[in-house]
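Just below is one structure, and these are the notes that go with it.
The values are calculated or read from the model by the stated rules, or taken from the named source; none is laboratory data. A quick note: this is a predicted structure, and the numbers were derived from the prediction, not measured. Cβ sites come from the backbone with ideal geometry, for glycine too, and all protein chains shown count toward neighbours. Surface accessibility is based on the protein's heavy atoms, side chains included, excluding ligands, DNA and RNA. Shrake-Rupley method; radii C 1.70, N 1.55, O 1.52, S 1.80 Å.
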Amino acid sequence: MSSIPGQLNPSPRLLLGPGPSDAHPRVLSAMTTPLLGHLDPQFLAIMTETQEMLREVYQTKNQLTFPVSATGTAGMETCLVNLLEPGDKAVVCTMGYFGNRMVEIAGRCGAQVTVKEAPWGQAFELDAIRETLKAVRPKLLAIVHAETSTGAGQDISQLGKLCHEFDALLLTDCVTSLGCTPVKVDEWEVDAAFSCSQKGLSCPPGMSPVTFSPRAVDALKARKAKVQSWYFDLTTIMSYWGSSDRAYHHTAPITMVYALREGLRLVLEEGLEARFARHQRNHVALRAGLEAMGLEYTANKAVQLPQLNAVKIPAGSDDVGGRKRLLTEFGIEIGGGLGDFKGKAWRIGIMGQNSRPNCVFTVLAAMEQVLRGSGAKIQPGSGVAAAELAYAAI
């Protein structure tokens, strides 16, 4: 008997967790395009188009803007290993799980890391960061724009200007913000940013769009030590993505570039402001429904993200059991808590392709069934009804 496994045939899922989100049908269709070589003239033109659209979505003119050939954490690592070298001072602001990941990577770069913490679910005040920059005088400040573990967003609109007062570079984690909420790299004077393909850009996981300002490129060129990673070393990657000559560096993931190009086309066809308004509208309805069922958010309302909604698990409800029932009975994936919120929160993502009213109504109806099954006293249909009223009022 043959031991060769059968074809893949996973059950359909509605991916409403912290990521990945469902890919847009046009993106999936683009991925069936025949392969080209990574130095084929047609593919080089596709690379250029992808970069141009990525600049529009990041709202920047930065020449060094491209997708790293790996997932979002690779973008984080690319930024940190290139901008930090042994002995450099860095300040990392943490208000959740992914800020702590930047602390770990910056430490592995040999940097002297000062960690500034905010309670999970909250954000930083500008004056508090100013005091830290004044005291430490770092080369780089790293901060998460949209904290996926808590659903809290950080206002970074004035941080670039603040960093430059102290001759520091600003690095921002835009993994959960790009394509969902405004990211204005040039206007906000951001020096480096990274994101991912599988959330607001409605693509599968596999690429991490990054952008570097001229100030960041100057810092890279002034390095005294080699970048510790060969694969993520921008001084060599620039020969492939940052040069008109497109010299070989690595074999690009051709199909994923097709996907990202189509995802970016979708963003720009819709229009940035229209896309941001769509995410906010669906968040308002989802929040109304969740709160009508008695659920509380983990993030302070003033800093709540529209695309990532983290709520406290009600007393008496089972974290893993509830999520398993959503998955097996309703085909819906949501995320559990991380770090301080492990076992205490559920994370619901309505990002990119999944920021739609039908996703809002579907998850509300399914969660009502799960919660009522655990003994919660919820008025039948209350969540869906509250969402309907919220949409009508918008």
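Observations on the structure shown:
- To the nearest ten degrees, helix 272-292 and the longest principal axis of the Cα atoms of the chain are 40 degrees apart.
- Between SER229, GLY321, ALA274, the Cα set farthest toward the positive side of the dipole of the stretch 182-327 (charges on each charged residue's Cβ, about the Cα centre) is that of GLY321.
- Packing-based ranking, highest mean first, of 313-320, 334-341 given that Cβ atoms within 10 Å are counted: 334-341, 313-320
- Between helix 357-373 and the chain: long-axis angle, C-alpha atoms, 0 to 90°, nearest 10: 60
- Looking at the stretch 52-202, the DSSP beta bridges with both ends there are about 10 percent antiparallel.
- Portion, in percent, of the accessible area of the chain that falls on carbon or sulfur, probe 1.4 Å: 53
- Remark: relative contact order (the chain) = 23 percent; criterion is Cα-Cα distance under 8 angstrom and separation of 6 or more residues.
- Over all projection directions, the Cα-based convex hull of the chain averages an area of 21.4 nm².
- Each Lys and Arg Cβ is given +1 and each Asp and Glu Cβ -1; about its Cα centre, the chain then shows a dipole of about 480 debye.
- Evaluated at q = 0.15 Å⁻¹: base-10 log I(q)/I(0), Debye formula over Cα of the stretch 30-185: -0.83
- Among the listed pairs LYS89/LYS199; LYS61/LYS199; LYS116/LYS312; LYS116/LYS184; LYS116/LYS301, those whose Cα-Cα separation exceeds 30 Å are LYS89/LYS199.
- Annotation: extensible slack from GLU291 through LYS342 equals 16.3 nm (criterion: 0.36 nm per residue apart, minus Cα-Cα distance).
- Unit charges on C-beta of K, R, D, E only; dipole of the stretch 275-361, Debye: 300
- Evaluated at q = 0.13, 0.15, 0.22, 0.24 Å⁻¹, a Debye calculation over the C-alpha positions of the stretch 185-297 (equal weights, vacuum) places log10 I(q)/I(0) at -0.73, -0.89, -1.35, -1.41.
- Binned Cα-Cα distance frequencies in the stretch 102-145 - 5 Å width, integer %: 5, 18, 31, 25, 16, 5
- Relative protection proxy for 199-207, 373-381, 343-351, 101-109, from highest mean packing down: 199-207, 343-351, 101-109, 373-381 (other beta-carbon atoms within 10 angstrom).
- When you filter the trypsin sites (Lys or Arg not before Pro) in the stretch 269-343 for DSSP loop state and at most 12 other Cβ atoms inside 10 Å of their Cβ, you are left with LYS342.
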